[in-house]
1. Does segment 90-112 hold any residues that are under 11 Å from LEU131 (Cα atoms) and either in contact (Cβ under 8 Å) with a residue 40 or more places away in the chain or over 17 Å from the mean Cα position of the chain (by Cα) (or both), and which are they?
2. Is it the case that SER123 is more than 15 Å from GLN40 (Cα to Cα) and either within 16 Å of the ligand (Cβ to nearest atom) or open to solvent by 30 Å² or more (accessible area, probe 1.4 Å) (or both)?
3. For the subset of segment 90-120 comprising residues that are among the β-branched types (Val, Ile, Thr) and either open to solvent by 40 Å² or more (accessible area, probe 1.4 Å) or outside any loop (DSSP other than H, G, I, E, B) (or both), which member is farthest from the ligand (Cβ to nearest atom)?
4. Out of LYS43, LYS68, I need the residue that is within 16 Å of the ligand (Cβ to nearest atom) and closer than 26 Å to ILE103 by Cβ. Which one?
5. Given the structure, is TYR32 away from the ligand (no atom under 13 Å from the Cβ), over 22 Å from LYS134 (Cβ atoms) and of a type in the set (Ser, Thr, Tyr)?
6. Here are LEU20, LEU56: which of them is crowded, with 16+ Cβ neighbours inside 10 Å and away from the ligand (no atom under 12 Å from the Cβ)?
7. For GLU85, are the conditions met, namely being free of Cβ contacts under 8 Å to residues at least 12 places away in the same chain and more than 15 Å from the ligand (Cβ to nearest atom)?
Amino acid sequence: MKISHIEHLGIAVESIENALPYYENVLGLKCYNIETVEDQKVKTAFLRCGETKIELLEPTSPDSTIAKFIEKRGMGVHHVAFAVEDGVANALAQAEEAGVRLIDKAPRKGAENLNIAFLHPKSTMGVLTELCEK
Ligand code: ZN
């Protein structure tokens with residue numbers, strides 16, 4: 001696969017409202033979009049940091065995977081998302097061929113209408129890995 005850059009870092013927070021003052025007032029980043037992804041039971045806030053974004057993830061329900069993540073490991077970095085230039089479907093096929101466990105067998109729509117797919121952290125040295133493309 002061909003990765004151009006880190007598209008975003010996903011960071012699990014208990015509350016976007018409480019997290020934003022740190023990112024905006026201390027780090028000086030700007031939040032340009034907040035949206036809820038219903039089927040993921042998550043509210044997301046995006047801040048730009050050069051070519052990379054910070055994606056704050058707030059659970060909207062106690063059975064959200066983000067809620068479970070925070071319960072188990074506390075707030076913090078949840079996943080790393082790489083921008084792939086030659087297609088998520090192609091990248092998934094290559095990862096599978098290399099023996100990497102896939103969470104998504106096929107690309108799906110994520111926040112910001114990107115095509116996304118996740119690789120299992122058991123196969124990626126503990127880092128939940130997202131592949132995405134515009
Ligand atoms: Zn993400």
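The values are calculated or read from the model by the stated rules, or taken from the named source; none is laboratory data. What you see is a predicted model, and the numbers here were worked out from it, not measured in a lab. Backbone-built Cβ (ideal geometry, glycine too); neighbour counts: all protein chains shown. For accessibility, only protein heavy atoms count, side chains too; no ligands or nucleic acids. Shrake-Rupley method; radii C 1.70, N 1.55, O 1.52, S 1.80 Å.
1. Of everything in segment 90-112, those that are under 11 Å from LEU131 (Cα atoms) and either in contact (Cβ under 8 Å) with a residue 40 or more places away in the chain or over 17 Å from the mean Cα position of the chain (by Cα) (or both) turn out to be ASN90, ALA91, ALA95, GLY110.
2. In short, yes.
3. ILE103
4. Working: LYS68 fails: within 16 Å of the ligand (Cβ to nearest atom).
Answer to the selection: LYS43.
5. Taking the combined requirement at face value, the residue does not satisfy it.
6. Of LEU20, LEU56, the one residue that is crowded, with 16+ Cβ neighbours inside 10 Å and away from the ligand (no atom under 12 Å from the Cβ) is LEU20.
7. no
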